[in-house]
């Protein structure tokens with residue numbers, strides 16, 4: 001087993017990527033808690049939000065991204081909307097379908113739940129079908145999570161009870177539907193013996209379904225199913241590496257690997273498992289993820305890029321939250337940079353609590369950002385195809401280091417350097433200078449550790465750790 005340790009204090013980026021430039025967007029009409037849920041497929045993005053003056057009602061918006069232009073295509077509110085139905089708490093888009101949950105919908109019974117399906121026909125999105133559980137009862141929460149993948153739809157109901165069980169057990173179930181060309185048809189109900197709130201989260205990828213269930217202290221188990229002969233079959237269950245001290249904050253599936261982020265008050269790590277003969281085998285540990293006493297809460301991974309949201313602080317102080325960006329370089333996950341939303345630094349924006357990645361784009365939500373108005377929320381996006389730049393600064397040297405005053409820079413590509421930024425480790429920019437001012441003076445700064453960010457004319461960059469003594 002490999003253990004890969006990344007420390008922000010020791011950051012030295014050897015492979016240069018184009019710098020991430022976020023493009024913000026929001027709805028064309030007033031909303032609040034914009035990006036409380038989001039998803040993306042191809043270049044289309046779905047985002048749910050509250051009505052600006054009525055938090056009891058929800059709607060979701062559909063956007064299309066072309067280059068740096070994000071256009072709102074349409075938005076939807078259910079035809080039979082009722083207050084506090086939790087419409088759009090979870091949304092999922094794949095190909096020409098959008099699934100929007102409504103876990104407190106009362107059509108079958110009080111809070112039994114429902115899912116609304118929308119379809120794109122001849123370029124236009126429209127309502128297609130409303131789905132309820134065939135055996136739904138009150139407080140099932142059908143729609144606790146929802147995923148549409150290809151011609152299959154997965155809907156969880158975390159309070160559903162097996163026949164004959166007391167209504168207080170909250171065992172949970174996952175309902176599977178398939179699209180037959182005309183409508184979505186029920187095909188399978190998945191449960192597991194002895195579970196609690198089975199289906200609290202789901203991930204689907206590469207003929208694998210991973211379903212989370214809870215315990216008294218949080219998400220505690222992940223159950224894996226493989227698709228064979230038109231049926232999802234159970235293969236294994238997994239718990240956190242340290243089940244006594246940890247629960248599971250988040251998890252993801254990608255390229256036949258399972259990524260698990262446990263919740264641990266002392267440190268955050270992501271465990272990476274390989275699928276070996278339908279069993280998960282621990283391969284790599286990425287640690288630590290914490291930054292400036294903020295802990296990782298959720299993440300998304302796609303191919304060679306990972307975004308980790310740092311949205312928890314034990315002291316619960318208020319400030320904007322960062323997202324850490326990692327790239328997979330030579331089979332090692334390497335920290336690249338911290339990114340932030342555009343809201344005021346002292347205001348909590350929940351930046352990164354919602355993240356979606358496709359082969360083309362990344363979308364990051366900031367549902368409590370107070371731009372353009374109080375708690376309206378905002379979304380940010382950029383192209384995921386930011387590639388490795390051939391004009392790297394691998395030969396960049398900074399000396400002397402440590403230094404008491406001046407730092408000299410040398411590189412064969414020095415003529416392509418545009419700007420140099422000096423940052424504190426909390427991300428605060430202290431000084432921006434032109435490369436022609438080299439050597440760089442650190443005399444005005446207090447003793448400590450700083451990051452020297454060297455940006456090239458094409459937008460790519462590298463960083464050096466500089467110690468001022």
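Between residue 444 and residue 346, what FRET efficiency comes out of the Förster formula 1/(1 + (r/R0)^6) with R0 = 35 Å and r the beta carbon distance, rounded to 0.05? With a Förster radius of 35 Å, E is 0.90.
Which order do 21, 137 fall in if you start with the one that has the fewest other Cβ atoms within 10 Å?
Numbers: 21 12, 137 17.
So the residues, fewest neighbours to most, are 21, 137.
Extension gain for residue 430 to residue 370 (0.36 nm times residue separation, less C-alpha to C-alpha distance): 19.1 nm. Among 221, 175, a tally of other beta-carbon atoms within 10 Å of each Cβ gives an order, fewest to most, of 221, 175. Taking other Cβ atoms within 10 Å as a rough exposure proxy, 295, 306 sort from fewest to most as 295, 306. Rounded to 0.05, the FRET efficiency of the residue 328 and residue 236 pair, given R0 = 25 Å and the Cβ-Cβ distance, is 0.50.
Placing a pseudo-label 7 Å from each Cα along the Cα-to-Cβ vector at residue 122 and residue 418 gives an inter-label distance of 4.6 nm. Here is the tail figure for the stretch 133-233: Cα pairs spaced more than 18 Å apart come to 43 percent of all pairs. Spin-label pair residue 207-residue 287: with each label point 7 Å from Cα along the Cα-Cβ axis, the two points sit 3.4 nm from one another.
Compactness of the stretch 191-234 was expressed as the Cα radius of gyration divided by 2.2 N^0.38 Å, which yields 1.18. Within the stretch 92-122, whose backbone N sits under 11 Å from a point 7 Å along Cα→Cβ of residue 138? In the stretch 92-122, the label zone of residue 138 (backbone N under 11 Å from the point 7 Å along Cα→Cβ) covers 109-112.
Every read-out reported here was derived from the displayed coordinates using simple, explicitly stated rules and does not represent laboratory data. Keep in mind it's a predicted model, so treat the numbers as computed, not measured. As a convention, Cβ positions derive from the backbone with ideal geometry for all residues, glycine included, and neighbour counts pool all protein chains shown.
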